Amino acid sequence: AEAWVGGANGTLLYTSDGGDEWTSHAVPTTADLHAIATQDTGPVFVVGDGVFLTATPAFVTGDATWTDLGDGVTRFRSVSAARHGEAVLAVSDDGGIWSYEAGRLVKRTTIAGADAIAVSADGQTVIVAGAGLSHSTDGGSTWTALVVDPSVRFADVRIDDHGEGFAVGSGGAIARVDAEGRVLLQRAGTADLQTLFVPYS
């Protein structure tokens, strides 16, 4: 029943009734917000231009005291959180891979051309997509660049509850990444694909 929506000028909306009613919530920024992740029914993470917000909102009302860990400069474009683990990772527009750890942000590494990130339910498997695909099996501590057609620019990525990843991108590209990091690339038409959803099992 719960959902969060973010947008321009610090707009943050919340529903606890499946979207019948939406409530606007004040956050300590007027920056544009680009991505939202949640850890099951616990913390919520909202990222955008210079901001990385986190809080544990109240159910039904969505009321919260938001903490901003952003530096006012770093622009975050994607964030993902383990539903049943501790890992929370974000991507900034310079390819920086950031980890939320013990209430602070730590820059783990930089992956050139990174646009989107996905974390598995247990927090161990992480995939970064953009100008290629990169794979981690230790919560984002170490990374391996996967073998994939270099002409494809990936726009979005998800990981299912079995640890397999799926990414979509330019020219109708759909990539499936198995638990060992092997990539199967297919083409579904020629249109650039922008986003996808993988349901929980």
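The values are calculated or read from the model by the stated rules, or taken from the named source; none is laboratory data. No experiment lies behind these values; they were computed from the predicted model shown. Cβ atoms come from the backbone with ideal geometry, glycine included; neighbour counts cover every protein chain shown. Remember, those area values only see protein heavy atoms, side chains included, never the ligands or the DNA or RNA. Shrake-Rupley method; radii C 1.70, N 1.55, O 1.52, S 1.80 Å.
With θ taken as phi - 60° and the Karplus curve 6.51 cos²θ - 1.76 cosθ + 1.60 applied, the whole-hertz 3J(HN,Hα) list for region 75-87 is 9, 8, 10, 8, 8, 8, 10, 6, 5, 10, x, 9, 5 Hz, x standing for glycine and proline.
Summarise the accessible area of the chain (1.4 Å probe, protein heavy atoms) by the percent that is carbon and sulfur. C and S fraction of accessible area: 49 percent. Scalar couplings 3J(HN,Hα) for region 20-32, obtained by applying the Karplus form with A = 6.51, B = -1.76, C = 1.60 to θ = phi - 60°, are 5, 9, 10, 10, 7, 10, 7, 10, x, 6, 10, 6, 5 Hz; x denotes Gly and Pro.
Residue by residue, region 93-101 carries 3J(HN,Hα) couplings of 6, 9, x, x, 10, 10, 10, 8, 9 Hz when phi is fed to the Karplus relation 6.51 cos²θ - 1.76 cosθ + 1.60 (θ = phi - 60°); x denotes Gly or Pro. Stokes-Einstein diffusion for the chain at 20 °C, viscosity 1.002 mPa s, with a Kirkwood radius from C-alpha pairs, works out to 125 µm²/s. When each of the peptides 132-141, 100-109 is scored by how many other beta carbons lie within 10 Å of its residues on average, the order from highest to lowest is 132-141, 100-109. For the pair region 7-84 and region 172-201, the centres of their Cα atoms are 27 angstrom apart.
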